[in-house]
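Have a look at the structure below, then the notes.
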Amino acid sequence: MRHLRARVWFLITVAFLLPACSSASPSALRPRGPAAQRIDGLWWFMFWIALGVFCVVIGMLLFGMLRRRKPDSVERGSGETAVVLLGIVAPVIILVTLFVVSIHDLNALSAPAKTNALTVNVIGHDWWWEVRYPQQHVVTANEIHIPTGKPVLLHLSTGDVIHSFWVPQLSEKTDMIPGKINRMLIQADHPGVYRGQCAEFCGLEHARMSFLVIAEAPAQFDAWTAAESQPLAATTGAAARGEKVFLHSTCVSCHAIQGTSASATDGPDLTHFGSRRTIAANTLPNTRGNLAAWIEDPQGIKPGADMPPAVLEPSQLQALLTFVEGLK
């Protein structure tokens with residue numbers, strides 16, 4: 001029985017420690033932007049205070065156990081001063097300090113945005129993210145490109161239920177509420193790809209509603225927006241056949257591709273889908289095999305998604321894959 005109990009505790013310990021070993025984990029304790037750094041500082045401030053209180057309490061318990069005296073040897077009222085100081089005064093001072101520091105950081109995070117900040121509209125859907133750059137006339141999905149070292153103003157809204165926008169390494173959580181636009185500033189000080197997640201349970205595929213924030217140098221960001229603002233160029237060969245398949249299948253009823261007659265808005269805009277890193281809101285890497293599986297059986301990959309399966313002949317599917325992969 002003792003060995004079994006030891007094994008159980010070992011497995012529990014491993015289960016808690018293994019998730020922390022992943023270098024890809026988007027930990028809020030590895031900040032890469034001003035807002036996340038402020039949150040990280042507040043977290044560590046609270047941690048060290050809590051650790052100090054814990055050590056004092058444990059120390060007093062050990063002291064009491066080691067210096068235990070007989071009941072009749074304790075003078076009446078000898079511990080009242082300690083109780084008042086450690087049980088009332090000290091907790092009040094600690095709680096007031098934490099409250100003041102927290103309010104100070106909250107006000108800093110809620111500071112008004114700079115008027116010249118890049119504006120990005122992010123709309124949450126079940127279960128994907130629509131991303132619009134009104135100044136650059138760019139529409140994409142599930143990826144937010146931002147220039148490093150510059151504040152970006154996000155207008156957060158939702159097309160259905162309540163969602164919550166969160167990029168642990170860059171920002172605080174902000175709810176997306178039907179009929180309301182919430183605003184937040186986000187900034188990345190270092191180039192990189194940062195994973196974001198819906199932090200409010202929004203339905204069956206809530207866990208698979210993630211996105212990527214891609215921070216790049218301002219020159220690279222400008223090049224990206226210039227490319228993304230271009231409509232689809234003329235297609236030839238297999239890609240042209242795939243375009244016809246797209247325009248005569250169920251795809252056209254939900255998706256838009258700039259430069260074609262497809263203009264639906266129920267699903268993600270696919271104008272530059274081939275340049276995206278993932279499929280279905282960061283569920284799968286964007287490869288030809290995964291794309292084929294997603295088109296033929298989206299419910300098998302993401303149950304509850306609004307996308308219906310496409311019934312296509314093998315030659316039609318291959319032509320469609322060539323067309324969609326070429327949307328760059």
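The values are calculated or read from the model by the stated rules, or taken from the named source; none is laboratory data. It should be emphasised that the depicted structure is a prediction, and the values quoted were computed from it without experimental measurement. We place every Cβ from the backbone using ideal geometry, glycine too, and count neighbours over all the protein chains shown. Accessible surface areas use protein heavy atoms only, side chains included; no ligands, DNA or RNA. Shrake-Rupley method; radii C 1.70, N 1.55, O 1.52, S 1.80 Å.
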Exercise. Which value, in debye to the nearest 20, describes the size of the charge dipole of the chain about its Cα centre when Lys and Arg Cβ atoms bear +1, Asp and Glu Cβ atoms bear -1, and nothing else is charged?
Worked result: 1360 debye
Seminar exercise, completed: Scaled by the rule-of-thumb 2.2 N^0.38 Å, the alpha carbon Rg for the chain gives a ratio of 1.36
Exercise. Using r as the Cβ-Cβ distance of Thr287 and Lys173, and R0 as 30 Å, what FRET efficiency do you calculate, to the nearest 0.05?
Worked result: 0.45
Exercise. In the stretch 102-189, carbon and sulfur make up what percent of the accessible area (probe 1.4 Å)?
Worked result: 55 percent
For this session: Please name which of His125, Val311, Ile39 has its Cα lying farthest along the dipole of the chain towards the positive end, using unit charges on Cβ (Lys, Arg +1; Asp, Glu -1) and the Cα centre as origin.
Result: Ile39
Seminar exercise, completed: accessible surface per residue for the chain, probe 1.4 Å, DNA/RNA/ligands not counted, whole Å² -> 58 Å²
Exercise. Ser263 to Lys150: extension gain in nm, 0.36 nm per residue of separation minus the Cα-Cα distance?
Worked result: 37.4 nm
Exercise. Just for the chain, what percent of DSSP beta bridges are antiparallel, to the closest 5?
Worked result: 70 percent
For this session: About the Cα centre of the stretch 108-172, how large is the charge dipole given +1 on each Lys and Arg Cβ and -1 on each Asp and Glu Cβ? Please answer in debye to the nearest 20.
Result: 340 debye
For this session: Can you send over the solvent-accessible area of Ser110, 1.4 Å probe, protein chains only, in Å² to the nearest 10?
Result: 80 Å²
Exercise. Counting only protein chains, not ligands or nucleic acids, how are Phe211, Phe63, Phe45 ordered by accessible area (probe 1.4 Å), most first?
Worked result: Phe63, Phe45, Phe211
Exercise. Between Phe45 and Ala117, what length comes free when the chain is fully extended (0.36 nm per residue of separation minus the Cα-Cα distance, one decimal in nm)?
Worked result: 22.9 nm
Exercise. How do the peptides 274-283, 138-147 rank, highest first, by the average count of neighbouring beta carbon atoms within 10 Å per residue?
Worked result: 138-147, 274-283
Exercise. For His190, His255, what's the largest-to-smallest order of accessible area, 1.4 Å probe?
Worked result: His190, His255
Exercise. Probe 1.4 Å, all protein chains in place: accessible area of Phe201 in Å², nearest 10?
Worked result: 150 Å²
Exercise. Can you run phi through the Karplus equation (6.51, -1.76, 1.60; θ = phi - 60°) for the stretch 314-325 and list ³J(HN,Hα) in whole Hz, with x for Gly and Pro?
Worked result: x, 5, 5, 4, 5, 5, 5, 4, 4, 5, 5, 5
Exercise. Under the Karplus relation 6.51 cos²θ - 1.76 cosθ + 1.60, θ = phi - 60°, what is the ordered set of whole-Hz ³J(HN,Hα) values for the stretch 56-63, x standing for Gly and Pro?
Worked result: 5, 5, 5, x, 5, 4, 5, 4
Exercise. Protein chains only, probe 1.4 Å: how do Glu313, Glu243 rank by accessible area, largest first?
Worked result: Glu313, Glu243
Exercise. Cys254 accessible area, nearest 10 Å², 1.4 Å probe?
Worked result: 40 Å²
For this session: Determine the percent antiparallel among the DSSP beta bridges restricted to the stretch 79-152, to the nearest 5.
Result: 90 percent
Problem set entry | FRET efficiency estimate (nearest 0.05) - Cβ-Cβ, Ile58 to Val100, R0 22 angstrom | 0.20
For this session: Provide the FRET efficiency to the nearest 0.05 for the His248-Asp160 pair, computing r from the beta carbons and using R0 = 30 Å.
Result: 0.55
Exercise. Quick one: if you stick a label point 7 Å off each Cα along the C-beta vector at Val311 and Leu66, how many nm between them?
Worked result: 7.9 nm
Seminar exercise, completed: Taking a label point 7 Å from the Cα of Ser25 along Cα-to-Cβ, the residues of the stretch 39-57 whose backbone nitrogen sits under 18 Å from it are 40-41, 43-44, 47
